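First comes the structure, then the notes that go with it.
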Amino acid sequence: MSYTALEDRYENGMRYVRCGNSGVLLPAVSLGFWHNFGGVDSYQRSMEITHYAFDHGIVHFDLANNYGPPYGSAEETMGRLMDDSFRPYRDELFISSKAGYDMWQGPYGNWGSRKYMMASLDQSLKRMHLDYVDLFYSHRYDPDTPLEETLQALVDIVRQGKALYVGISRWPLEATRFAIEYLRDAHVPLLIYQGRLNMLDRAPMDEGILDLLEQEKVGFISFSPLAQGLLTDRYLNGIPQDSRMRREHFLKSSMLTDALLHKLRTWNSEAQTKGQTLAEMALRWILQQKAVTSVLVGASSVQQLDKNLKAITLDS
Ligand SMILES: NC(=O)c1ccc[n+]([C@@H]2O[C@H](COP(=O)([O-])OP(=O)(O)OC[C@H]3O[C@@H](n4cnc5c(N)ncnc54)[C@H](OP(=O)(O)O)[C@@H]3O)[C@@H](O)[C@H]2O)c1
């Protein structure tokens, strides 16, 4: 299927938000490849979702070395998509990847060593058929590797031209403060922090991460903004057969307690009173918080993405 992007893709209501005090604008809604883009998933559907996204101004795709399953296969899907659809639009796309979780066997395939970070990005670029990523993250804080080692690897990756910007994900407050200073001194400023912020999990707010980022003028992107689907109408009346919760892996049915269901139903009624859906209310709530640049949604269908995009157009 040959693809030509819609002419009016930047006139569909997407907002672009400056990421901290950098030169980069990110779409208020970005698309993540954690689920639904692996080797086990339909490539046809991956195409439909990414085409729809790009046609509606979602120019930021977020990946990591081990997204799949199997590990690495979401990046391979991105590589196929580059070849089949997006090569002519490379300069309109902002593509990120990460290293930090288990990726390959042995002592060099996990955590935050220079050895792992450098090798992992080289592998990611091959899988994605890219010369460089726009953004490369340390996917998690490593308590056993000196922070200087991980951060210097990020600096050197930028100097080698393999990434344009760097980010960190899920780092604790004091380590984040250290990273901001270290990277600023090295003239490779921290572009963005990726953390989980949603109506059910306010940790980055409670822990002072958002205050720090606002003060230091660093961007924030919220992953799992819909709490993996809990903050939508997906589970209000049972657990659908084709849902993430049915797979009982990252989202377990034991989480869906009576108390949580009650809370979700109350929020759903509140949203309806305002003429919104629960998903729209949840995304808008995040976008209204300080330091937030973008919400990083997942979607298993074009219809879900379409519904989630309404959260932005309502804002304007
Ligand atoms: N840095 C990190 O450590 C980290 C961790 C996790 C995620 N991430 C990033 O964040 C991205 C998003 O994470 P996520 O997929 O958990 O995000 P999410 O947006 O909270 O959840 C997406 C899931 O919610 C359901 N959904 C979405 N919109 C819906 C709608 N309108 N109506 C009903 N159901 C809807 C779908 O589940 P069904 O499959 O059931 O249809 C969809 O797959 C990832 O792809 C990844 O890029 C990063």
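Where a number appears in this text, it was derived from the coordinates with a stated rule and is not lab data. Given the structure is predicted, the values throughout are model-derived calculations rather than measurements. Note that we place each Cβ from the backbone using ideal geometry, even for glycine, and neighbour counts take in every protein chain shown.
Some observations on this one:
- Annotation: the residues 230, 251, sorted from fewest to most other C-beta atoms within 10 Å of their own C-beta, follow the order 251, 230.
- For the range 167-172, 3J(HN,Hα) per residue [Karplus equation, 6.51 cos²θ - 1.76 cosθ + 1.60, θ = phi - 60°, Hz, x = Gly/Pro]: x, 10, 10, 6, 7, x
- The chain: most fluctuating residue of 176, 257, 150 per GNM, C-alpha cutoff 10 Å: 257
- Euclidean distance between Cα centres, the range 76-116 to the range 43-67, Å: 14
- CD proxy at 222 nm, helix term only [per DSSP H run n ≥ 4: -39500 (n - 2.57); per residue of the chain; nearest 500]: -11000 deg cm²/dmol
- Partners for residue 217 among aspartates and glutamates (Cα-Cα distance below 13 Å; same-chain residues under 8 apart left out): 181
- Take every Cα pair under 8 Å whose residues are at least 6 apart in sequence, average their separation, divide by the length of the chain, and the relative contact order is 19 percent.
- For the chain, fraction of C-alpha pairs farther apart than 24 Å, in %: 53
- Amide H contacts of residue 196 (H built 1.01 Å from N, under 5 Å, at least 5 apart or other chain): 223
- Ranking of 17, 59, 158 by neighbouring Cβ atoms within 10 Å, starting from the fewest: 17, 158, 59.
- Alpha carbon centroid spacing (whole Å) that separates the range 127-176 from the range 196-213: 21
- Residues with amide H under 5 Å from that of residue 104, placed H, sequence gap 5 or more: 109
- Remark: for residue pairs 98/162; 290/310; 126/310; 98/307; 126/252, the C-alpha separation exceeds 24 Å in 126/310; 98/307; 126/252.
- Footprinting exposure proxy ranking of 261, 190, 200, fewest other C-beta atoms within 10 angstrom first, gives 261, 200, 190.
- Largest mean-square fluctuation among 13, 79, 106, in a Gaussian network model of the chain whose springs join Cα atoms under 10 Å apart, belongs to 106.
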